[in-house]
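Notes to accompany the following structure.
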Amino acid sequence: MTTELTKSSGWKSLESHFQEIKNTPIRSLFNEDKTRGTRLRVEDLGIYFDYSKHRINDKTLELLFQLARERGLADKIASMFSGEKINTTENRAVLHTALRAPRGSVVLVDGVNVVPEVHAVLERMASFAGNIRSGEWKGYTGKPIRNIVNIGIGGSDLGPVMAYEALKFYARRNLTFRFVSNIDGSDFAEAVRDLSPEETLFIVSSKTFTTIETMTNARTARKWLLDKLVNPKAVASHFVAVSTNAKEVGNFGIDTHNMFGFWDWVGGRYSMDSAIGLSTMIAIGPGHFYEMLDGFHQMDEHFRNAPFERNIPVIMGLLGIWYIDFFGAQTQAVLPYDNYLKRFPAYLQQLTMESNGKHVTLDGELVGYATGAVYWGEPGTNGQHSFYQLIHQGTSLIPCDFIGFKTSLNPLPLHQDYLMANMIAQGEALAFGKTAEEVKAEGVPDNLAPHKVFEGNRPSTTLFMEKLTPGNLGKLIALYEQMVYTQGVIWGVNPFDQMGVELGKVLAMKIIPELLEKEKLLRHDSSTNNLIGYYRE
Ligand code: F6P
């Protein structure tokens, strides 16, 4: 199948260039150009972005930038920032960038400047967070709140969990934070088993306030609270909501004075810096939260203004296209060398895969090329002792993003040096490997030599920063958000809807009464009928 993208001259040039370069080892690229490691890097916003260990040369970059220009990336970036309704399937603007726009700036949606509303919500959040942190906000029986439980799923959970873990160093340690997402009752039961209802605040986070998992968990939470506190009036002191749907919040029984709003121009997976970040703000305090927003904003400005040749999200996005569409890579590993970022890969899974896991273009045509990669990863060095074997010597090409910080937040003697040495070594080993000659020169017997050869030529990016701060986390998240948009533009898909999650939800709603035997007659395929029958028994 040929489509507008694959017919474009940029794409065709990349196809023929791919044939020229596909077998060139990274090793020779470095041998030919002693300045490569210096040239192919960008230092901006306190990020050292090294993209030299990729299977690219100057021509590859030139052609990738040409493709970006042909796809109108600059205009598409401008359209997003200006509030055009680029989420065409849902007829919505896409303005998570307005969530971090500084006070006083202007972002228009349907002629209305949304920045004052954004800051009004931030101020309410800051005041609420301050009251919880100071103990001024009391539970129904007069005790201060010590436990905060965020109930949400997808974008209403993954961002808050990730940010809490990432910024735990900055968090109030006398407050306990828990996150309940799964409809599996064990998630709720384990989250609250050692908590006292009198000291617990639930933040029910749901953009739509109709998501079955969140609503079920929220109802269970209310029951858990009232089993102890009895009077339904207690709900007002122990439940707040974060949502765009005031009507449903009211229907649930949460006073809308205790609701923090956001807007339909914020996608769920792009919402962790909206009121969905309320738990984050309570944990780290408003000051740190504002620092995080500033980091996001700095990256937004970089994405908007830096020429493609120095634009970190654009380069990262285009490298992804190069591997996914030309080398046939299907996955992308994200390997943070900082334990606080342990939930970052999981967060990125929704951001990247729910955004670009699409099979049709914006016009509804089937794409004739691969789109979104599978994102996955674990912190280093843990991953080195589990799945890195396959990255080094397996048969799949897996581009890797290494993320590291020079200064540890917990500087125990030697730990940081060892950690960073490992991160740097992994990129080197992946790129340069170890040849059969090198293995033999070490005296390895012939029969073992093939097992000890590392082909190398495995690409990686290194993102190095000074320290894991709220601001740097903001930059990192915005970097991936904008990388996702870059790729969506090239592929011509809509990175802002998620229709692929609907069918399973609809079928589950049909199966629920069948499991409860309210609907006796089963009309599914034989496998599904049998599974339902097995459960019923
Ligand atoms: O099912 C997918 C999804 O719609 C995500 O896009 C979203 O982040 C999540 O569900 C939760 O939705 P809500 O915040 O409306 O509960």
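The values are calculated or read from the model by the stated rules, or taken from the named source; none is laboratory data. Only a predicted model underlies this, so the values are computations on that prediction, with no experimental measurement involved. Ideal geometry is used to build each Cβ from the backbone, glycine not excepted, and the neighbour counts take in all protein chains shown. Side chains are part of the model used for accessible areas, which takes the heavy atoms of the whole protein and leaves out ligands, DNA and RNA. Shrake-Rupley method; radii C 1.70, N 1.55, O 1.52, S 1.80 Å.
Okay, here's what the table says:
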quantity	calculated
Nearest-ten-degree value, helix 415-432 long axis tilted from longest Cα axis of the chain	50
Accessible-area composition of the range 88-157, carbon plus sulfur, in percent [1.4 Å probe]	54
Selected from Ala236, Leu390, Ser206, residue furthest toward positive end of dipole (the chain; charges at beta carbon)	Ala236
Under the Karplus curve 6.51 cos²θ - 1.76 cosθ + 1.60, θ = phi - 60°, whole-Hz ³J(HN,Hα) for the range 252-269, x wherever Gly or Pro sits	5, x, 9, 4, 5, 5, 9, 10, 10, x, 9, 9, 5, 8, 10, x, x, 7
Accessible-area ranking of His297, His415, largest first, probe 1.4 Å	His415, His297
Crossing angle, helix 115-134 versus the chain [Cα axis fit, 0-90 degrees, rounded to tens]	70
Per residue accessible area in Å² of the range 111-163, where ligands, DNA and RNA are left out and the probe is 1.4 Å	36
Backbone N within the range 11-29 under 15 Å of label point (7 Å from Lys59 Cα along the Cβ vector)	11-25, 29
Residues with amide H under 5 Å from that of Met259, placed H, sequence gap 5 or more	Ala241
Selection from Ile148, Gly135, Phe169 lying farthest towards where the dipole of the range 125-177 points positive, charges on Cβ	Gly135
Dipole magnitude (debye, nearest 20) for the range 21-148, charges at Cβ of Lys, Arg, Asp, Glu	580
Using θ = phi - 60° and Karplus 6.51 cos²θ - 1.76 cosθ + 1.60, couplings along the range 78-94 (whole Hz; Gly, Pro as x)	4, 4, 5, 5, 8, x, 5, 7, 7, 7, 6, 5, 10, 6, 10, 6, 10
The range 379-482 - accessible surface per residue (Å², probe 1.4 Å)	46
Inter-centroid distance (Cα atoms) of the range 498-537 relative to the range 161-226, Å	28
Among Ala421, Ile490, Ala478 the positive-end extreme of the charge dipole of the range 381-537 (Cβ point charges)	Ala478
Calculated from backbone phi, Karplus (6.51, -1.76, 1.60) coupling profile of the range 455-466 in Hz, x at Gly/Pro	4, x, 6, 9, x, 8, 10, 10, 10, 10, 9, 5
Trypsin sites (Lys or Arg not before Pro) restricted to DSSP loop in the range 133-190 with at most 14 other C-beta within 10 Å	Arg173
Between the range 112-153 and the range 453-497, the alpha-carbon center distance in angstrom	31
Antiparallel %, DSSP beta bridges [both residues in the chain], to 5	30
Accessible surface of Arg124 - all protein chains present, 1.4 Å probe, nearest 10 Å²	100
Extent along principal axes [Cα atoms of the chain; Å; largest to smallest]	77, 61, 57
Packing-based ranking, highest mean first, of 359-370, 383-394 given that Cβ atoms within 10 Å are counted	383-394, 359-370
Over 23 Å between alpha carbons, listed pairs Lys59/Lys85; Lys223/Lys247; Lys34/Lys59; Lys138/Lys207	Lys59/Lys85; Lys138/Lys207
Cα centre as origin, Lys/Arg/Asp/Glu Cβ charges: the chain dipole, Debye	900
Ranked by how many other beta carbons lie within 10 Å on average, peptides 204-215, 41-52 from highest	204-215, 41-52
